[in-house]
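Report on one structure; see the data block that follows.
The values are calculated or read from the model by the stated rules, or taken from the named source; none is laboratory data. Because the structure is a prediction, the values reported are computed rather than measured. All Cβ positions, glycine included, derive from the backbone under ideal geometry; neighbour counts span all protein chains shown. These area figures cover heavy atoms from the full protein model, side chains too; ligands, DNA and RNA do not enter into them. Shrake-Rupley method; radii C 1.70, N 1.55, O 1.52, S 1.80 Å.
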Amino acid sequence: MSIRAPIRRYILENFLFTDDEARLRDDASFLEEGIVDSTGVLELVMFVEETFGIEVPDEEILPENFDSVERLTRYVEAKLREPVFTMAETVLAW
Amino acid sequence: MCGIIGITHWRGDAPPDEGLLRRMLGIIRHRGPDEFGLYRDGRAGIGCARLSIVDLQTGQQPIPNEDSSLWIVFNGEVYNHPELRAELELRGHRFRTRSDTEVILHLYEEHGPQCLHYLNGQFAIAIWDAQRGELFLARDRLGVRPLFYVQLPGGLAFASEMKALFLIPGVEARLDPYGLAQAFTFWAPQPPRTAFEGVRELPPGHFLRASGDGLAVQRYWRLTFPRAGAELRMSEEEAAEELRALLADATRLRLRADVPVGSYLSGGLDSTLVAALARQHIPHTLCTFSIAFEERAFDEREYQESATAFLGTDHWRTECTNADIAAVFPQVVWHAEAPLLRTAPAPLFLLSRLVRESGIKVVLTGEGADEFLGGYNIFKEDKVRRFWAADPDSALRPLLLRRLYPYVGNLARTGDAHLRAFFGKDLLAVNRPGYSHRIRWHNTSRLWGFFAPELLGTLDGYDPVEELLASLDGNLGDWSPLAQAQYLEVTTFLSPYLLSSQGDRMAMAHSVEGRFPFLDHRVVEFCNRLPPQFKLKGLREKHILRKSAERLVPPAVWKRRKQPYRAPIAPAFLAHPPDYVEALLAPEAVRVAGVFDPDAVARLVRKLRSGAVISEREEMALVGVLSVQLLYHLFVEHFPPQPVREVILTPPPTLRAGGRGEAPQEAL
């Protein structure tokens, strides 16, 4: 599954209100450039959970994971590589 | 568009009184001031006050079939009538008029109640089978056009508005505690219940058959959604293109009329898109209409101006002041015939007056887009609460709720603790039916605290929310959370409140017909099959519609986030209140009506006048109390509040001297 393209598209449509790909650099800081504000980051969390089926705990909602297309793409890719445990397996693993 | 009425006496021993039928038409003449017609036999009388829109010359009602065994009166429009007519003619049906009304009658001859499935439109229909002594009533799928009935000893009466029924001897208006309880929970009584005891509303998507043998109400159309995960599989681009094509066709059909059609233009995406689509199909300049508010917080004129400039329409605007809202509120309640918790219908009443003054009889509106394409905050609220419930200990997730309600000033100023307490109620019960709406309903029903103790005694043990949820389709839980929330929003709010108190009733008060491309059942059924994330993508509302509308509407309108349509409340009634406000809120008037606790109302009024910060709920309480006091005053205590004139029946077209273009005949 492509990760980068849907993320870029969502940010362009939802925060920049455009289809113009040139308006968004992959390394642009969302917060510094005012692309996404602080509660907007939570919209992004909701979006990646809904789109990629991952779960994002609070402690991972950090600028290094969520502050650019580049960082967010890498973060989602990493999450998708994580082994998925069910709750029961998690408890058993303890 | 019209108003219809009728009375049956099954045994045929007392033919309905003609004067009464004419008075019943007289009290709803605003629905159809152009022509009046009656049919009467030994067992029944049906009548119509007509607003002539299609087939101006020969479309007079009631209309019989070939052998005069069936008679129809009809309020509404069937947009696909030319196509249906062609098919019926092939089957040998002969037509006397060009009207859509006659098409329904022949379709009914052909198919019986199943004929309703063929109709694309908004309608309330009454067909009297004079041979069999049977009455057939039907209402459109979503309840655009109203229809009420009441059982009489040995008969039945129906009407487009309840006020016509209250003219019948023995039918008296009494406020229904359960209808009030529903209104003070869901914002409107839920059909078949109304605000008045014994008066029933035929639910949307249902028909009724009645004769001397009894009465049966049956559903013919169901609002439904696919199982979660089984939605349409198509790309966003394909969905946007198909939606645009469907909407264009729905709009094109809704321009069918023998009079010019205008369009409301709020400055939001939905109505701007409708106006843009309409403009592509009409040769002349489109007339558009909007409301501007004296209070800036409610005003959208900046967007309206950019839309009219972009579309090049002939734009009419009415300026709505706080004083206007207070001044017309009694008329608004008279037309709505229901408790109101907001003043939002009042500006729409003023808007239809402007339309009428401009000479336009028919307007398109964007109603329905928010419900079927995911525009409302309540859908986002549901989504955010589920997002939070997935990690309930998260410190951050509930903060996303702030995204939803920036315009609710008081809420934004309170700290996170309040946010959590308010929206955290039953947070984890995500599988409980009604998850999306329980907070809203619970919060609204806090207004029951203003009810008089006797009324609360009657309501003891009655829970409208549980009653509603118990009546829902069994498979609701299989749908996506968004679909479940949409279903509840449409059935509890769009149909019984928006399409009525802010829709039909406010437009028809000034003889204006509203038409709703987003409520075309083909549009509705397509939207319902779309995946939820096409409607609400993240928190981006109406995602697919935005894609469909891009380049058709000005960028300023396309980009903006939804602004809920609201109107001022407390300042309208408290700054320089008209006399009736004082009179109806006085403890004695409140005591006589018997609905509210006079002491609680007095305390509310004192607080509102003290200049204290006023909450949403207190504003709702004010409007709720005032509207119910007005209902009591107008319908119970002083009915009819003004003398009702009998209409003078319009002669059949063959007898008319002037023929085409003749002035409508009205009572003097």
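Points worth noting:
- When a 1.4 Å probe is rolled over the protein heavy atoms, the share of accessible surface on segment A:4-93 that falls to carbon and sulfur comes to 54 percent.
- Counting Cβ atoms of other protein chains within 10 Å of each Cβ in A:39-52 and taking the mean gives 6.
- In sequence order, calculated HN-Hα J values of segment B:35-51 (Karplus, 6.51, -1.76, 1.60; Hz; x Gly/Pro): 8, 10, x, 9, 10, 9, 9, x, 10, 8, x, 10, x, 9, 9, 9, 9
- Of all accessible heavy-atom area on chain B, the percent that carbon and sulfur account for (1.4 Å): 51 percent
- Magnitude of the charge dipole, segment B:20-63, Cβ model with Lys/Arg +1 and Asp/Glu -1, debye to 20: 260 debye
- Its alpha carbons considered, the protein assembly as shown gives a radius of gyration followed by a Dmax of 27.1, 95 Å.
- Computed with a 1.4 angstrom probe on protein heavy atoms, the A-B interface buries about 2100 square angstrom of accessible area in total.
- Each of B:L88, B:L56, B:G3 was scored by the projection of its Cα onto the charge dipole of segment B:2-221, and the greatest displacement toward the positive side belongs to B:G3; charges sit on the C-beta of Lys, Arg, Asp and Glu.
- In order through segment B:597-602: 3J(HN,Hα) via Karplus (6.51 cos²θ - 1.76 cosθ + 1.60), integer Hz, x for Gly, Pro: 7, x, 5, 5, 5, 4
- Per residue, chain B exposes 36 Å² of solvent-accessible protein surface, assessed with a 1.4 angstrom probe and all protein chains in place.
- Per residue, chain A exposes an accessible area of 56 Å² to a 1.4 Å probe, with every protein chain left in place.
- For B:V636, the solvent-accessible surface computed with a 1.4 Å probe is close to 50 Å², ligands and nucleic acids excluded.
- Equivalent ellipsoid dimensions for segment B:582-624 as semi-axes, Å, which come from the Cα gyration tensor, largest first: 19, 11, 8
- Per-residue HN-Hα couplings for segment B:634-641 [Karplus 6.51, -1.76, 1.60; θ = phi - 60°; Hz; x = Gly/Pro]: 7, 9, 9, 7, 10, 8, x, x
- Between B:C287 and B:S263, B:D314, the built amide H atoms are under 5 Å apart, and every one of these is 5 or more places off in sequence or on another chain.
- Estimated Rh, chain B: Kirkwood, alpha-carbon pairs, angstrom: 25.8 Å
- Here B:R174 sits with roughly 130 square angstrom of accessible surface, probe radius 1.4 Å.
- Annotation: amide H-H contacts under 5 Å for B:R98 (H modelled 1.01 Å from N, sequence separation of 5 or more, or interchain): B:T58.
- With 27 Å as the limit on Cα-Cα distance, the pairs of B:K380/B:K559; A:K79/B:K547; B:K535/B:K559; B:K361/B:K537; B:K163/B:K542; B:K383/B:K547 that go past it are A:K79/B:K547; B:K361/B:K537; B:K163/B:K542.
- About its Cα centre, the dipole of chain A is roughly 300 debye, where the only charges are +1 on Lys and Arg Cβ and -1 on Asp and Glu Cβ.
- Per-residue SASA entry for B:W334, accessible area with 1.4 Å probe, Å² rounded to 10: 40 Å²
- On the beta carbon distance between A:E77 and B:R560, with R0 = 35 Å, the FRET formula returns roughly 0.55.
- With the charge dipole of chain B set up from +1 on Lys and Arg Cβ and -1 on Asp and Glu Cβ about the Cα centre, the Cα lying farthest toward the positive end among the listed residues B:V625, B:G538, B:A346 is that of B:G538.
- Debye, to nearest 20: dipole size of chain B, +1 on Lys, Arg Cβ, -1 on Asp, Glu Cβ: 1480 debye
- Under 5 Å between amide hydrogens, built in the peptide plane, is the criterion, and for B:V362 it picks out B:G262, B:E513 among residues at least 5 positions away or on other chains.
- Top positive-direction residue, dipole computed over segment B:2-221 with Cβ charges, set B:L137, B:I28, B:P113: B:I28
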